[in-house]
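Student: One structure follows; several queries about it will come next.
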Amino acid sequence: MELVRGRPDVLIAGFGTLAAQAAKAATITIPIVFTTVGDPVGAGLVGSLGRPGGNVTGLSGLTEIGGKHLQLLQELSPHMQVIAVLMNPETPFTRLALKEIKTAAEAHRIRLVVLEARTAEQVPREFQAAVTATAGGLLVLGDPLMYSLSREIVDLSAKFRLPAVYQSREWAETGGLMSYGADRRQLYRRAAEYVDKILKGAKPGDLPVEQPTKFELVINLKTARALGLTIPPSLLQRADQVIE
């Protein structure tokens with residue numbers, strides 16, 4: 001890894017599980033701070049959230065919001081019975097996230113259609129599969145692949161008229177209907193504070209992995225109008241930002 005050869009004082013794994021795993025595989029001595037890892041323990045990055053051990057710590061992106069995403073789609077359309085989930089099965093956290101979504105779906109008697117895309121070329125095909133399965137809405141599990149295709153995914157959601165909920169505000173700002181997730185600005189600020197502590201002598205293994213404390217709901221009304229949807233007042237009142 002090029003960065004390791006430069007002997008930095010701290011490495012920051014800026015986005016996602018795969019970046020953090022690559023950094024950890026490259027060094028066992030240089031401190032590593034990650035920012036948005038869904039399941040740090042399951043991914044083998046830390047021994048526990050409270051006492052990470054080793055040279056890695058940081059901020060968890062928290063996967064346990066799939067049930068909230070499902071709830072948002074149900075509030076938007078109470079009679080929705082089939083919901084599609086678009087995911088990259090190669091990304092470690094998606095298995096945990098999907099399990100949580102399945103549990104919530106079973107509780108509400110919602111049928112899930114799981115769409116797996118490992119490459120950009122597979123994404124349009126999976127959207128067609130969602131339509132064939134009569135999905136009324138879509139959840140997108142964000143990972144580096146999905147984020148790199150955000151414009152395409154948002155456009156496909158519009159083309160196939162699938163109301164979709166995403167994990168961070170960037171999607172809604174790109175034209176997605178709704179997003180709900182951790183405030184990444186807060187995560188990055190806390191990561192900077194962790195770096196400061198390490199530079200002042202703290203050991204990464206002694207710094208607990210923090211989970212998000214602030215979440216934000218962003219609704220794009222322009223997209224809602226294009227889809228012919230009326231956003232319930234209860235949702236609009238809870239939104240942290242409404243894009244007109």
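The values are calculated or read from the model by the stated rules, or taken from the named source; none is laboratory data. For clarity, every value in this text was computed on a predicted model and none was experimentally measured. For neighbour counting, all protein chains shown are included, and Cβ atoms are generated from backbone atoms with ideal geometry for every residue, glycine included.
Student: Sort out which residues of the range 127-184 are among the acidic types (Asp, Glu) and within 10 Å of the chain's Cα centre (by Cα), and write them in order of number.
Tutor: The one that is among the acidic types (Asp, Glu) and within 10 Å of the chain's Cα centre (by Cα): ASP143.
Student: Whether any residue in the range 35-43 is out of contact with any Asp or Glu (no Cβ under 6 Å at 6 or more places or on another chain), crowded, with 24+ Cβ neighbours inside 10 Å and at pLDDT 90 or above is what I want to check. Break it down into steps so the answer makes sense when it comes.
Tutor: Initially, the range 35-43 is screened for residues out of contact with any Asp or Glu (no Cβ under 6 Å at 6 or more places or on another chain), giving 35-43.
Applying the additional criterion that residues be crowded, with 24+ Cβ neighbours inside 10 Å yields 36-38, 40.
The next check asks that each one be at pLDDT 90 or above; those that pass are none.
No, the range 35-43 has no match at all.
Student: Go through (1) within 26 Å of GLN21 (Cα to Cα); (2) in a helix (DSSP H, G or I); (3) without any contact (Cβ under 8 Å) to a residue 40 or more places away in the chain for ARG190 and report which single condition fails.
Tutor: It is condition (3) that ARG190 fails.
Per-residue answers, yes or no, for (1) outside the structural domain of VAL85 (by TED's automatic domain parsing); (2) modelled with pLDDT under 95; (3) surrounded by 14 or more Cβ atoms within 10 Å (Cβ to Cβ):
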| site | (1), (2), (3) |
| --- | --- |
| GLU170 | no, yes, yes |
| GLY176 | no, no, yes |
| TYR188 | yes, yes, yes |
| ALA191 | yes, yes, yes |
| LYS197 | yes, no, yes |
| ALA224 | no, no, yes |
| SER234 | no, yes, no |
| ALA239 | no, no, yes |
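Student: If a residue has to be among the β-branched types (Val, Ile, Thr), at pLDDT 95 or above and either in contact with a Phe, Trp or Tyr (Cβ under 7 Å, 6 or more places away or on another chain) or in a helix (DSSP H, G or I) (or both) to count, how many in the range 71-124 make the cut?
Tutor: Final tally of qualifying residues: 1.
Student: Shifting gears a bit: Does SER48 satisfy the condition of being in the same structural domain as ALA104 (by TED's automatic domain parsing) and of a type in the set (S, T, N, Q)? Don't jump to the end; show me each part of the working.
Tutor: On the way: in the same structural domain as ALA104 (by TED's automatic domain parsing): no; of a type in the set (S, T, N, Q): yes.
Judged against the criteria, SER48 is not a match.
Student: Which residues, counting only those in the range 205-220, are under 13 Å from SER168 (Cα atoms) and not in a loop (DSSP other than H, G, I, E, B)?
Tutor: Across the range 205-220, the qualifying residues are PHE215, GLU216, LEU217, VAL218, ILE219, ASN220.
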